[in-house]
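Read the structure below first, then the notes.
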Amino acid sequence: MTNENKDQFRPADHDNDHFLLTTVVGSYPKPKWLNRAKDLYEDADSDFDEDNWQEAKDDAARLITDEHERAGLDVVVDGEMRRNEMVEFFAHRIEGYEFNGPVKVWGHNYFDKPSVVSEVEYDESWLVDEYEFTADASDRPVKVPITGPYTLANWSFNEAYEDDDELTLELADLVNEEIEKLVDAGARYIQIDEPALATTPDDHAIVGEALEHIVVDIPEEVRIGLHVCYGDYSRIYPEILEFPVDEFDLELANGDYDQLDVFKDPAFTKDLALGVCDAHVAEVESVEQIEANIKKGLEVVPPEQLVVSPDCGVKLLPREVAYGKMANMVEAARNVEADLDAGEIDVERGAPTPADD
Amino acid sequence: MTEYVSTTPGLYPLPDWAKDDLSDLKGHQKHDLISGDESDGITAAYEDARKDVIGVQQDAGLDRIVEGQLRWDDMLAHPLAVADAVETRGIVRYYDNNNFYREPVVTDDLEPTGDVASELEATVDRTGSDDLQAVLPGPYSLSDLATDEHYGDDGDFLAAIAAFLEGEVDAFPAHETLVLLEPSLVENPPADGEDARASEAIDRVASATDADVVVQPYWGALEEKVYAHLLDADIDAVGFDFVANQDDNLYNIQEYGTTDDVALGLADGQNTLVEDPEAIRDRTEWVEGQLGVTEFETVYLTTNTETFYLPYGKYVAKLEALAEAADLAEVTAA
């Protein structure tokens with residue numbers, strides 16, 4: 001069995017017959033000097049100007065892309081070095097948004113929640129520069145994570161639209177426009193991030209409808225993934241199988257795969273990008289542990305449909321821990337591939353057999 | 001003749017300077033949140049922030065002044081979070097919002113702390129008691145937000161929470177109004193039997209004060225039976241969230257009647273779009289018109305929810321709109 005869409009990312013020098021694509025969700029710890037550069041840039045008394053700040057972000061993007069290559073990832077990201085927060089970054093680039101100041105999330109953790117005050121419109125490109133820079137900095141395929149329209153709508157104040165669903169679909173059309181531009185620039189792997197769905201799983205229908213808008217006129221070979229963070233997956237499965245995407249990227253290591261069975265029945269018909277490292281625990285999992293986690297994925301899908309990645313963005317981890325997780329993850333994936341080649345892996349796939357009473 | 005009173009349910013956003021200063025003083029982690037024994041530096045920062053939000057209310061011309069509940073890191077769960085018999089555990093989701101609080105787990109006999117009373121004392125020092133409005137979670141919502149590992153029975157737990165809140169109210173300085181916030185009555189409505197107990201619990205807390213008591217459910221309308229039971233409690237006003245659900249709230253009032261006073265949640269506490277004072281006044285008249293003969297003694301004009309969801313500038317603008325709307329309503333009625 002082959003999987004053309006996934007196999008387009010198989011490196012030419014890949015040694016094993018099996019190919020478990022390794023990648024990341026997106027965000028990565030920023031080098032400390034980048035945060036210091038940002039402070040300088042924001043300091044009115046400093047002569048650290050726009051050009052300096054641009055150079056610092058370029059350097060950081062190169063550095064982290066290279067770090068992903070060194071870890072051995074098959075598909076790399078720049079670690080989202082140019083992005084501050086996953087809604088703010090896009091809201092700044094979309095006509096119709098304004099910012100009124102920080103709001104509380106919990107304790108003293110705040111977020112510059114923007115307001116949609118008029119019709120949302122596509123203005124300047126959001127990510128084409130970022131993509132082109134990263135693609136130029138690496139020989140490997142580059143994935144582009146984009147915050148999805150449902151999350152962009154739900155994590156904003158809606159002053160302009162009748163309801164959030166209407167806003168979601170309008171934003172989906174803008175995301176579609178951006179993906180068209182990214183595809184023209186050469187991008188072949190797009191990941192839509194919808195963390196808001198984890199907190200409101202009953203809204204999966206509108207997320208599906210938005211995805212239909214997102215993929216209009218996008219060529220078949222472009223790989224579209226959907227990332228949903230930890231939540232009650234039983235409330236969105238199997239409905240999400242109807243979504244027009246190639247891959248679901250799911251957070252399962254954090255819950256110790258307690259929700260794995262949800263995806264076994266009915267059969268998982270898309271590719272599964274399985275979270276095999278916990279993004280919230282600052283301890284590097286051993287290669288053996290990650291191998292065991294990868295085999296959990298084989299209980300759900302055959303190797304052809306399996307992609308290996310961390311649970312979620314790793315930006316809150318210490319950088320050396322993030323790197324350790326990536327490197328061990330790649331080593332584990334290659335080991336499992338070799339074992340699969342050798343026919344040494346025997347995992348039963350599919351619906352769990354009910355225990356005898 | 002109806003008196004129109006502009007007010008809010010409290011739980012304000014911190015002024016932006018205080019967000020920064022208190023982040024630095026307290027930190028960003030779970031164990032950094034308010035436990036009731038904060039340092040002098042932190043106390044002083046809150047004191048300054050309280051002064052700011054009292055000033056905002058006075059400048060806007062609100063008819064009731066709240067303390068602001070700026071220390072309530074855990075939102076409505078705060079009174080338990082500072083109690084001795086409670087352990088604060090993991091971060092859990094606050095209703096259907098992208099907000100989180102520490103799960104308060106009751107592990108021993110609950111005793112009132114006087115924490116909220118001391119906040120109110122500090123407010124009285126600045127404003128006097130005349131316009132003071134105290135704010136507490138209603139007993140049903142507070143028990144819904146908490147986990148019981150001590151009392152062992154839902155009914156006993158609710159009664160214990162009611163007694164706890166009653167004890168808190170006993171310690172309050174004189175106040176004009178007490179608002180009990182009861183979003184859980186809508187979000188997680190009590191079942192048969194439990195609805196009567198919820199009403200008794202509210203009655204118990206309400207009876208602890210001589211002030212007017214407003215019970216404000218939000219994020220929708222109450223189920224009919226829950227509403228009917230709530231009217232059995234000895235309270236002065238029920239609050240209605242007309243932002244989230246106009247039709248079912250009107251239906252409840254038309255079908256079951258209501259208290260002599262009402263609170264109308266007409267300004268959206270969770271959206272930055274600031275309502276026109278005229279529009280709030282018009283909707284007030286419209287609601288009154290729908291009810292035919294009924295004339296209320298007092299109509300509280302308020303946001304439907306707490307306002308900590310808003311950026312600070314928008315929160316200020318909402319208060320100004322409410323105060324002006326109440327003034328307009330008085331003029332029209334006269």
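The values are calculated or read from the model by the stated rules, or taken from the named source; none is laboratory data. All values derive from a computational prediction rather than experimental measurement. With ideal geometry, Cβ positions are generated from the backbone for all residues, glycine too; neighbour counts draw on all protein chains shown.
Structure values in brief
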read-out	value
A:Asn52 being of a type in the set (S, T, N, Q) and in a helix (DSSP H, G or I)	yes
Residues being assigned to a loop (DSSP other than H, G, I, E, B) and either aliphatic (A, V, I, L, M) or away from chain B (no Cβ under 11 Å) (or both) - total across the stretch A:83-110	7
Scan of the stretch A:208-251 for residues that are charged (D, E, K, R) and buried (at least 21 other Cβ atoms within 10 Å of the Cβ), ordered by number	A:Arg223, A:Asp246, A:Glu247, A:Asp249, A:Glu251
Search result, residues across the stretch A:4-50 that are more than 26 Å from A:Ala273 (Cβ to Cβ) and aliphatic (A, V, I, L, M)	A:Leu34, A:Ala37, A:Leu40, A:Ala44
Which numbered condition A:Glu194 fails, given (1) within 30 Å of B:Asp32 (Cα to Cα); (2) in contact with a helix residue (DSSP H, G or I) (Cβ under 6 Å, 6 or more places away or on another chain); (3) modelled with pLDDT under 95; (4) of a type outside the set (S, T, N, Q)	(3)
Some residue of the stretch A:75-82 being in a loop (DSSP other than H, G, I, E, B), over 30 Å from A:Arg334 (Cα atoms) and either at pLDDT 95 or above or touching a His at 6+ places or on another chain (Cβ under 9 Å) (or both)	yes
Of residues in the stretch B:1-49 being polar (S, T, N, Q) and assigned to a loop (DSSP other than H, G, I, E, B), the one surrounded by the most Cβ atoms within 10 Å (Cβ to Cβ)	B:Thr8
Per-region count, the stretch A:117-141, residues within 14 Å of chain B (Cβ to nearest Cβ) and at pLDDT below 95	0
Which numbered condition A:Pro114 misses (of (1) touching a helix residue (DSSP H, G or I) at 6+ places or on another chain (Cβ under 7 Å); (2) free of Cβ contacts under 8 Å to residues at least 24 places away in the same chain; (3) within 14 Å of another protein chain (Cβ to nearest Cβ); (4) not basic (Lys, Arg))	(2)
Residue match in the stretch A:168-187 (condition: in a helix (DSSP H, G or I), crowded, with 17+ Cβ neighbours inside 10 Å, out of contact with any Leu (no Cβ under 9 Å at 6 or more places or on another chain) and among the small types (Gly, Ala, Ser))	no
Subset of the stretch A:252-267 [surrounded by fewer than 23 Cβ atoms within 10 Å (Cβ to Cβ) and either of a type outside the set (Gly, Ala, Ser) or closer than 25 Å to A:Glu4 by Cβ (or both)]	A:Asn254, A:Asp256, A:Tyr257, A:Asp258, A:Gln259, A:Leu260, A:Asp261, A:Val262, A:Lys264, A:Asp265, A:Pro266, A:Ala267
Only listed residue being among the small types (Gly, Ala, Ser), under 22 Å from the mean Cα position of the chain (by Cα) and surrounded by fewer than 20 Cβ atoms within 10 Å (Cβ to Cβ), chosen from A:Ala332, A:Ala282, A:Ala351, A:Ala338	A:Ala282
Within the stretch B:244-274, considering residues that are within 14 Å of chain A (Cβ to nearest Cβ), small (Gly, Ala, Ser) and under 23 Å from B:Gly61 (Cβ atoms), the one surrounded by the fewest Cβ atoms within 10 Å (Cβ to Cβ)	B:Gly269
Strands (runs of 3 or more DSSP E) wholly inside the stretch B:62-155 containing at least 1 residues that are surrounded by fewer than 23 Cβ atoms within 10 Å (Cβ to Cβ), over 20 Å from the mean Cα position of the chain (by Cα) and not aliphatic (A, V, I, L, M)	B:86-93
Selection within the stretch B:95-109 - in contact with a Ser or Thr (Cβ under 9 Å, 6 or more places away or on another chain), at the interface with chain A (Cβ under 8 Å from one of its Cβ atoms) and polar (S, T, N, Q)	B:Asn98
Residue within the stretch B:309-328 that is away from chain A (no Cβ under 14 Å), assigned to a helix (DSSP H, G or I), within 17 Å of the chain's Cα centre (by Cα) and in contact (Cβ under 8 Å) with a residue 12 or more places away in the chain present	yes
Count - residues of the stretch B:26-44 that are more than 8 Å from chain A (Cβ to nearest Cβ) and within 16 Å of A:Trp106 (Cα to Cα)	3
The listed residue being part of a loop (DSSP other than H, G, I, E, B) and free of Cβ contacts under 8 Å to residues at least 24 places away in the same chain, out of A:Ala37, A:Ala12	A:Ala12
Test: residue in the stretch B:275-297 that is within 14 Å of another protein chain (Cβ to nearest Cβ), in a loop (DSSP other than H, G, I, E, B) and over 20 Å from the mean Cα position of the chain (by Cα)	yes
Of residues in the stretch A:142-167 being away from chain B (no Cβ under 13 Å) and within 30 Å of A:Glu69 (Cβ to Cβ), the one surrounded by the fewest Cβ atoms within 10 Å (Cβ to Cβ)	A:Ile146
Which listed residue is in contact (Cβ under 8 Å) with a residue 60 or more places away in the chain and touching a helix residue (DSSP H, G or I) at 6+ places or on another chain (Cβ under 9 Å), from A:Thr168, A:Thr200, A:Thr151	A:Thr151
